[in-house]
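Colleague: Before anything else, here's the structure in question.
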Amino acid sequence: MRRIVIFDTTLRDGEQSPGASLNAEEKLEIGHQLARLGVDVIEAGFPMSSQGDFEAVCLVAQQVRGPAMAGLARAKPEDIDRAWEAVKDAKRARIHTFIATSDIHLKHKLKISRRRCLEMAVEAVKRARRYTDDVEFSAEDAVRSDRDFLCQVVEAVIEAGATTVNIPDTVGYGLPADFGALIAAIRDRVSNIDRAVISVHCHNDLGLGVANSLAAVLNGAGQVECTVNGLGERAGNAALEEVVMALKTRQDQFQVTTGIDTRQIYRTSRLVSELTGIPVQPNKAIVGTNAFAHEAGIHQHGVIEAKRTYEIMDATSIGLTDSQLVLGKHSGRHAFERRLKELGYELSADQLERAFARFKEIADIRKEVSDRELESIASDELHGVPEVYGLDYLHVVSGNHTVPSATIRLTKDGKPFQASEFGVGSVDAVYRTIDAIVKVDHSLVDYTVKAVTGGTDALGDVAVRISDRDGRIYAGRGTSPDVIEASAKAYVQAINKLVYHRSTRRRSAAKRKSRAK
């Protein structure tokens with residue numbers, strides 16, 4: 001069987017999702033998980049886009065082992081040099097350079113001729129080959145490009161040294177039959193195509209990103225570029241989990257394999273969702289909450305008798321468990337730690353201590369704690385930063401004939417700071433009070449709340465995103481049986497991230513200034 005290369009661009013294209021922003025440490029954490037997942041290539045970022053992205057790509061390239069590390073670069077010398085500088089410490093380094101080939105992009109965006117486009121593409125690949133033998137070239141907006149010209153460019157960049165040629169559906173315009181035919185045409189018409197891997201990168205504007213990617217595989221594509229949870233510009237990209245599980249589940253049709261450890265899919269999905277602050281919709285294929293849930297009586301009866309009646313995949317194959325109700329108030333620390341490990345969570349001793357204390361608090365109220373609630377507790381501990389501000393005391397007054405107010409005490413360096421404020425609602429009062437204490441310049445970008453499980457005593461799961469004055473986004477998450485408390489925890493966590501990473505940037509800038517002297 002052919003082996004399809006899985007090229008993950010969650011850290012680059014996925015991070016371009018509106019509202020998604022990852023700092024270097026979060027990118028590194030996702031990078032390590034992608035390595036455990038078994039992706040072949042990680043596109044760690046666009047080094048020329050910012051100093052922060054450059055440093056993040058450097059960090060991932062230096063510390064994540066297993067996959068090849070790719071840095072994106074426009075067909076410009078300075079971009080290519082910068083990309084190499086970022087990925088050069090990787091065990092396997094790839095430069096991914098691109099230029100648009102469609103007439104609409106050439107005329108309105110680049111304002112260059114087809115001839116100049118061809119020259120720039122060839123020059124870029126040749127420059128990249130000075131650094132590494134692993135060079136990928138992308139013809140941006142390939143689907144809307146003139147087919148003759150596209151084939152001419154592909155042939156020229158392969159001759160210049162490109163080892164992978166990517167045919168992107170940049171704006172999600174393609175239909176599966178047409179896109180498959182395009183890949184077949186490139187195979188037939190490009191004389192040296194046997195010297196390169198054909199890759200595809202399909203956006204999801206018409207909801208066809210995965211379908212187009214699969215059509216490409218059927219027509220000879222050897223690499224699929226995708227993102228976890230389908231994140232990306234506008235409507236996103238082809239979802240990694242959907243592509244991989246389609247290839248695996250319908251291997252009878254595709255006759256291909258991948259190197260993905262599918263048991264890591266669910267864990268990877270949840271990690272990306274937690275760190276980007278972008279939730280997974282309940283009915284999302286493969287990793288949605290309802291993907292393996294059955295409510296209709298006839299479905300439930302069928303699944304009880306034989307799972308294959310309504311489930312074409314085994315839930316355990318993506319890392320889920322059939323166990324729902326796991327631990328209760330009489331459970332001990334060892335059982336708690338073991339269950340977290342089974343769910344894919346490795347906590348330090350301090351994190352485990354705090355998580356176990358929270359578990360006990362909830363178990364005393366709920367009596368029984370589900371896997372989903374355990375995941376919420378564990379992720380809260382894993383994805384925090386050093387605590388600058390701690391929530392020590394919270395008192396809220398609210399009612400239909402009462403002006404909502406909050407009294408809050410936060411601690412910083414062991415010292416208590418207390419304030420009281422009014423608001424238009426309970427959460428607004430809480431957030432105004434926290435703002436009065438921390439006095440950090442920021443704005444609330446997004447606030448979402450959901451129940452982790454059913455029932456009125458369910459854990460409330462609150463996710464917030466705040467923005468600093470430079471537009472950087474910081475996500476916070478809090479869980480509690482009390483939604484107001486969960487809201488406060490999420491807000492404080494986001495502020496802690498802002499304060500921590502702002503101080504980290506200042507220290508880095510001071511070091512660079514000191515070295516420059």
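Please treat every number below as a calculation from the coordinates, not as lab data. Keep in mind it's a predicted model, so treat the numbers as computed, not measured. All Cβ positions, even for glycine, are placed from backbone atoms using ideal geometry, and neighbour counts span all protein chains on display.
Colleague: In the chain, how does Rg compare with the Kirkwood Rh, expressed as the Rg/Rh ratio over alpha carbon atoms?
Modeller: Taking Rh as the inverse mean 1/r over Cα pairs, Rg/Rh reads 1.00.
Colleague: Still on this structure, I have one more. Rounded to the nearest 20 debye, what is the charge dipole size of the chain about its Cα centre when +1 sits on each Lys and Arg Cβ and -1 on each Asp and Glu Cβ?
Modeller: Details: 69 positive and 71 negative charges, 321 e Å.
Charge dipole of the chain: 1540 debye, to the nearest 20.
Colleague: Just need log10 I(q)/I(0) for the range 390-505 at q = 0.12, 0.17, 0.22 Å⁻¹, Debye formula, equal scatterers on the alpha-carbon atoms, no solvent, rounded to two decimals.
Modeller: -0.42, -0.83, -1.29
Colleague: Which residue, Leu275, Leu118, Thr309, has the largest displacement toward the positive end of the dipole of the chain when charges sit on each Cβ (Lys, Arg +1; Asp, Glu -1)?
Modeller: In the chain, that residue is Leu118.
Colleague: A follow-up question, please. Let me have the relative contact order for the chain, percent, based on Cα pairs under 8 Å that are six or more residues apart.
Modeller: Numbers: 1044 pairs, mean separation 51.6, N = 517.
This gives 10 percent for the chain.
Colleague: Suppose we keep just the DSSP beta bridges with both residues in the chain; what percent of those would be antiparallel, to 5?
Modeller: 50 percent
Colleague: Still on this structure: Please report the antiparallel percentage of DSSP beta bridges with both residues in the range 390-505, rounded to the nearest 5.
Modeller: Numbers: 33 of 33 bridges.
Expressed as a percentage, antiparallel bridges in the range 390-505 total about 100.
Colleague: Have a look at Ile473, Ser426, Leu444 and report the one farthest towards the positive end of the charge dipole of the range 390-505, computed about the Cα centre with Cβ charges (Lys/Arg +1, Asp/Glu -1).
Modeller: Farthest towards the positive end: Ile473.
Colleague: Ignoring everything except DSSP H segments at least 4 long, calculate the 222 nm mean residue ellipticity for the chain; use -39,500 (n - 2.57) per segment, divide by total residues, nearest 500.
Modeller: Calculated mean residue ellipticity at 222 nm is -13000 deg cm²/dmol.
Colleague: Follow-up question, since we're still on this one. Test of understanding: ordering Cys151, Cys117, Cys226 by Cβ neighbours within 10 Å, fewest first, what list do you get? Can you show the working numbers first?
Modeller: Values: Cys151 20, Cys117 23, Cys226 30.
Least to most surrounded, the residues fall as Cys151, Cys117, Cys226.
Colleague: How large is ³J(HN,Hα) for each residue in the range 173-184, as worked out from phi by the Karplus curve 6.51 cos²θ - 1.76 cosθ + 1.60 (θ = phi - 60°), to whole Hz, x for Gly and Pro?
Modeller: 8, x, 10, x, 5, 5, 5, x, 5, 5, 4, 5
Colleague: Considering Cα pairs under 8 angstrom that are at least six residues apart, work out the relative contact order of the range 38-122 and quote it in whole percent.
Modeller: The value is 26 percent.
Colleague: Let me ask something else about it. Report for the range 2-276 the percent antiparallel among DSSP-assigned beta bridges with both residues inside it, nearest 5.
Modeller: 5 percent
Colleague: Test of understanding: ordering Ile473, Ile495, Ile112 by Cβ neighbours within 10 Å, fewest first, what list do you get?
Modeller: Fewest-to-most ranking of Ile473, Ile495, Ile112: Ile112, Ile473, Ile495.
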